[in-house]
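A short reminder: the numbers here are calculations on the coordinates, not readings from a lab. The shown structure was predicted, so the numbers you read here are calculated from the model rather than taken from an experiment. We place every Cβ from the backbone using ideal geometry, glycine too, and count neighbours over all the protein chains shown.
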Amino acid sequence: MLNIGILGCGRIGQVHAGSLQHIATARVAAVADAFPEAANALASKTGATVMTAEEMITSPAIDAVVIGTPTDTHFDLIQSSAKAGKAIFCEKPVDMSADRIRECIKTVEAAGVPFLTGFNRRFDPGFAGLQARIAAGEIGDVELVTILSRDPSPPPVAYIKSSGGLFRDMMIHDFDMARFLLGEDIVRVFATGSALVDPAIGEAGDVDTAVAVLTTASGRICQISNSRRATYGYDQRAEVHGSLGLLKANNVPENNVEIATGAGFCAAPAQHFFLERYAGAYRAEMMHFIECLTAGTAPSPGIRDGLAAQLIADAAATSLETGIPVDLG
């Protein structure tokens with residue numbers, strides 16, 4: 001039985017704790033949060049012991065930690081956890097700074113500890129199915145990937161100001177998905193965007209409507225569309241065009257009932273909330289992490305995948321600012 005510590009007992013920490021409660025080979029052994037009420041509430045649900053972060057990281061009884069704290073705390077928690085020999089599951093982004101991620105990579109690899117970056121969408125049945133069928137050669141050589149990701153409504157402007165911007169906060173998931181589906185690293189990024197949903201987002205220095213075009217060394221292309229507004233639900237789709245055909249993953253609707261009348265066809269909207277839409281992905285992601293720890297294999301996506309996505313996000317932000325494509329080294 002693996003003893004897992006949850007660092008951060010907010011919304012995402014609760015999701016990961018819930019996933020662990022369905023895995024027979026692991027348990028939530030400890031929880032920690034800057035707010036005692038949150039830690040106590042999650043401890044009462046899981047039977048875990050409330051600890052400080054330092055107590056959890058240094059405890060020989062804890063095998064691995066799940067970092068679901070604010071991004072600006074990740075660096076120190078990764079550094080101390082790796083040096084303590086703990087396996088690490090860290091929510092994206094690893095850090096807002098690529099240089100600080102590189103420092104984390106040095107520490108993690110020197111310590112030889114397993115590390116999973118929380119890009120949960122890789123574990124969604126639809127997107128995982130796309131990648132598996134691409135790898136099986138069903139559509140031949142990948143030529144063009146299209147990813148659409150649109151939120152039902154924008155987050156509060158206070159969140160926008162501390163999020164790092166749309167490319168580092170929202171589209172970073174799609175940057176990782178692009179690498180996952182293209183099967184190659186990105187060498188060039190062009191991005192543009194506007195504040196069309198909420199003028200306050202533009203006043204805060206961010207955009208809420210954006211597109212990015214990514215290119216690989218072999219010439220494969222990915223086009224990404226993001227918006228902070230979708231009146232029809234949480235829009236999450238991907239299409240992969242290849243030399244032999246096309247694969248696509250559609251939205252997940254609230255239900256699969258459709259009515260047809262003289263007025264036409266009518267179906268349910270897409271599921272509205274990301275926790276609902278990706279509930280299965282979060283469970284599969286945690287199962288993968290635990291299975292890797294049990295088998296002694298490396299989790300994927302790893303910390304270097306976290307760096308790759310961050311570098312693309314940085315390049316997209318630079319491209320938005322300059323109006324020109326940015327080449328990645």
Treat every Asp and Glu Cβ in the chain as -1 and every Lys and Arg Cβ as +1, leave all other atoms uncharged, and give the resulting dipole magnitude about the Cα centre to the nearest 20 debye.
440
Looking at the chain, do any whole DSSP H helices span at least 27 angstrom along their long axis by alpha carbon and average -1.0 or above on Kyte-Doolittle, and which?
303-322
Farthest toward the dipole's positive end in the stretch 2-113, which of 50, 24, 4, given Cβ charges of +1 (Lys, Arg) and -1 (Asp, Glu) about the Cα centre?
24
Distance between the C-alpha centers of the stretch 88-107 and the stretch 177-200? Whole Å please.
20
On a C-alpha basis, how far is the centre of the stretch 276-313 from the centre of the stretch 143-158 in Å? Whole number, if you could?
21
Identify which of 21, 310, 236 has the largest mean-square fluctuation in a Gaussian network model of the chain, with springs joining Cα atoms closer than 10 Å.
21
The stretch 2-113 - charge dipole about Cα centre, Lys and Arg +1 at Cβ, Asp and Glu -1, debye rounded to 20
300
In whole Hz, with x marking every Gly and Pro, tabulate ³J(HN,Hα) for the stretch 24-31 from phi via Karplus 6.51 cos²θ - 1.76 cosθ + 1.60, θ = phi - 60°.
5, 9, 8, 8, 7, 8, 8, 9
Could you list which residues have their amide H under 5 Å from that of residue 50, counting only those 5 or more apart in sequence or on another chain, with H placed in the peptide plane?
31
